[in-house]
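Below is one structure, written out as structure tokens; comments come after it.
The values are calculated or read from the model by the stated rules, or taken from the named source; none is laboratory data. Note that the coordinates shown come from a computational prediction; the quantities given were computed from them, not determined experimentally. When we count neighbours, we look across all protein chains shown, and the Cβ atoms used for this are built from the backbone with ideal geometry, even at glycine. Just the protein is used for accessible areas: all its heavy atoms, side chains included, with ligands, DNA and RNA removed. Shrake-Rupley method; radii C 1.70, N 1.55, O 1.52, S 1.80 Å.
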Amino acid sequence: MVRKFTLFTFIIALSLYSWADNNSTIDSIKQVIGAADSEAKGKMLMELSKNYLRKNNAVGLFCSDAACKHALDVRDRAMESKALFYKGAYSVQLGQFDSAIVFLNRSVNIAADLKDNKLKAASLDALGNAYLRKGDVDLARGSFSQILELGDTSKDFYQFRVNSLNALAIIHYRGGNFKEAIEQFIQLYELSLAKNDKANSANCAGNIAGLFYSLKNYPKALSYYKVTQELFQELGMTMNRALTYENIGMVQKEVGVLDSAIINFQKAEPVYIESGNKAQLANLYQNMSDAYIKLGLPVKANEYVSLAIDINEKNNLKGNFAEGYLLKALSLSKLGRNAEAKGYIQKASDWATSLNQTELLVNISKAGYDIYKNLGNWKVSLSYLEQYNRLNDSILSATLKKDIADLEAKYESVKKENQIQQLSAEKLQHELTIKNERKSKLLIAGSLLFLLITGFLVALWSRSKNIQKQAELSRAKIDIENRLLRSQMNPHFLFNSLNSVQRYIGENNSQQAQSFLAKFSGLIRNILDSTMQSYITLEKEVETLSLYLTLEQQRFQGKFDFSVSVEDGIEPEFIEVPPVLVQPFVENSIVHGVSALEGKGQIDICFRRVDGLVECTITDNGVGVNAAKTNASSKTHKSVGMQVTADRLRMLNQKLNFEIKADVVDLSTQNPSVTGTRVTVTMPFRELE
């Protein structure tokens with residue numbers, strides 16, 4: 001590849017020589033610019049500042065500093081801003097982040113004064129990278145966001161927008177904010193598609209897929225990986241295609257499509273071998289070994305993990321050691337060679353501990369327990385089991401504590417906001433009362449002046465105005481009451497779930513209790529997300545109901561089965577409905593319906609679209625609503641959720657000017673040989689674009 005230079009021959013010579021002797025190069029530059037007139041001197045210094053980027057930082061910093069001083073001498077603010085940009089860029093490369101930030105902030109301010117958005121964007125981009133490398137993530141986010149706020153969609157501005165969206169996505173990803181990262185990458189993906197930038201589109205789609213994989217949303221991860229694969233194939237990017245084959249295989253491995261996963265791994269293998277990428281090849285072999293273990297083919301699993309370990313050890317790929325040794329131990333154990341396996345499980349444990357790979361240590365502890373149990377060494381087996389429980393508890397407890405703390409903070413925030421809004425409503429009522437009193441006095445004075453006709457007209461106008469303002473106040477109070485009821489409902493829902501956790505832990509072993517806590521943690525997150533929202537996606541509503549039913553199913557020791565379905569033709573991720581309307585009816589089906597049965601209960605929930613609305617039916621085979629009313633045992637349970645839901649439906653109907661219906665039917669009234677209850681909830685929805 002021929003590098004294109006835009007300056008004179010002496011600049012090329014200086015560039016080649018600069019690597020050998022910075023001082024000699026700088027002396028040569030001083031001689032050249034010293035003999036030039038003012039205009040030529042400025043141009044040469046700016047060209048030199050540009051030319052040395054990513055070649056020689058020390059010489060580049062000298063040139064940009066000299067350009068800065070010259071710009072100040074000749075009072076050329078545009079040159080000063082550009083020179084400060086280069087000076088900041090070189091300082092970043094030299095690790096002088098504090099100095100770089102000073103130079104780049106000055107460049108941004110001058111560019112803003114000159115209304116030069118392109119130069120401002122370039123300086124903000126470099127400034128954001130300086131903050132990132134220094135570790136000031138919030139300031140970095142602010143710099144990149146400012147570039148997007150400039151709103152320039154021109155061709156020259158495209159790369160700045162790409163850099164900013166990519167940087168913001170990476171910031172969110174490193175902070176664990178996967179959803180926000182996905183939103184940024186999707187913006188970048190759409191921008192790249194609009195510019196027909198296929199290479200960047202492919203990279204973005206791959207990043208989006210990876211984030212969905214981290215969120216365990218495997219269908220979406222797979223769909224974006226397929227887009228990535230098609231684009232890389234069109235671009236002829238062989239290595240990128242191979243990486244995508246491996247990523248697709250990893251998704252398929254997670255969802256249990258193991259034969260397809262291995263086929264995709266095999267497609268990537270020859271490309272990695274030809275490229276000489278040892279680290280990637282070792283990762284691939286470990287993935288293949290894991291897939292063969294899950295397929296029940298330990299001979300093949302042992303073959304591939306042996307290849308991976310050989311590559312890891314020869315190339316000192318320490319990050320792979322623990323997982324490689326774990327897979328080796330598992331494959332040997334499956335082959336009945338537990339005596340050999342125990343040596344590898346010890347090595348896996350040692351490396352995972354030294355590298356602080358906590359989640360991997362959980363899997364190693366479980367494998368160690370099984371291996372030593374097979375060997376009949378109960379003492380060591382028990383120590384591994386204790387380590388497994390301790391590590392698992394620490395991971396689950398940390399997650400659960402964080403989720404509960406977030407929920408409590410959110411609840412307090414909602415409570416305070418509701419109190420503020422209640423006070424605001426009272427203040428509004430007081431102000432309206434004062435205004436009405438003043439208007440009444442004016443009406444009396446007007447009626448005396450204009451006699452009966454004028455008085456009648458003024459009174460009519462006053463009455464109309466009062467009705468309108470009272471209606472506005474009524475709507476405001478309805479909205480406040482509605483939010484207050486929602487803030488009561490979520491803590492009630494949380495209380496029932498916490499009660500289930502407490503009872504289950506007391507009745508079952510620790511491993512089952514931990515599983516219960518993990519599901520409860522997910523339930524808390526969903527409740528936290530729905531708080532303070534008027535609408536949530538149907539996908540989120542279905543997920544929350546499924547988690548709740550799973551917890552209650554475990555609490556009642558499999559007393560009932562359930563299903564939650566969405567009719568074909570509905571895309572639940574693109575439809576929003578009012579939150580937490582269905583759950584109280586499901587609670588009634590469990591507590592008053594199926595729990596009273598001698599046999600096994602069944603609860604079926606189905607969402608469908610009917611006449612422009614969303615209809616949800618909750619059907620159970622319990623004792624029936626009529627029998628439940630006379631059942632003495634059911635009278636001990638007071639459904640606060642149902643009362644709150646009834647009040648909430650009433651106010652939602654007033655606010656939305658729409659009747660949300662909840663029809664309850666005892667199935668025995670339609671067929672005496674059938675018992676159970678069917679609740680049909682009809683609600684409005686809105687579609688996301």
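Observations, loosely collected:
- Computed from the C-beta positions of Ala279 and Lys600, the FRET efficiency with R₀ = 45 Å rounds to 0.30.
- Estimated from the Cβ-Cβ distance and a Förster radius of 41 angstrom, the FRET efficiency linking Gln346 and Val674 is about 0.10.
- Ranked order, Lys373, Lys318, Lys55, Lys50 - accessible area, probe 1.4 Å, largest first: Lys50, Lys318, Lys373, Lys55
- Remark on region 279-365: ratio of C-alpha radius of gyration to 2.2 N^0.38 Å is 0.97.
- Pairwise FRET efficiency - Arg77 versus Ser260, Cβ, R0 = 56 Å, nearest 0.05: 0.35
- Of interest is the spacing of the C-alpha centroids, which for region 523-592 and region 141-155 amounts to 40 Å.
- Distance from region 102-138 to region 246-291 (C-alpha centre basis), Å: 42 Å
- These residues, Trp378, Trp351, go from largest to smallest accessible area, 1.4 Å probe, as Trp378, Trp351.
- Among the protein heavy atoms, those of Asp647 account for about 50 Å² of accessible surface (1.4 Å probe, every chain in place).
- To the nearest 10, the accessible area of Lys661 is 100 Å² with a 1.4 Å probe.
- Short-range pairs are left out: with C-alpha atoms under 8 Å and at least six residues apart, the relative contact order of region 79-130 is 40 percent.
- Arg609 sits with roughly 100 Å² accessible to a 1.4 Å probe, with DNA, RNA and ligands left out of the calculation.
- Take 90-96, 575-581 and order them by the average number of nearby Cβ atoms within 10 Å per residue, most first; the result is 575-581, 90-96.
- Using a cutoff of 8 angstrom between alpha carbon atoms and counting only pairs six or more residues apart, the relative contact order for region 128-216 works out to 19 percent.
- Each label point was placed 7 Å from the Cα along the Cα-to-Cβ direction; for Glu659 and Arg133 their separation is 6.8 nm.
- √(5λ) per eigenvalue of the Cα gyration tensor, region 28-115, largest first, Å: 20, 17, 9
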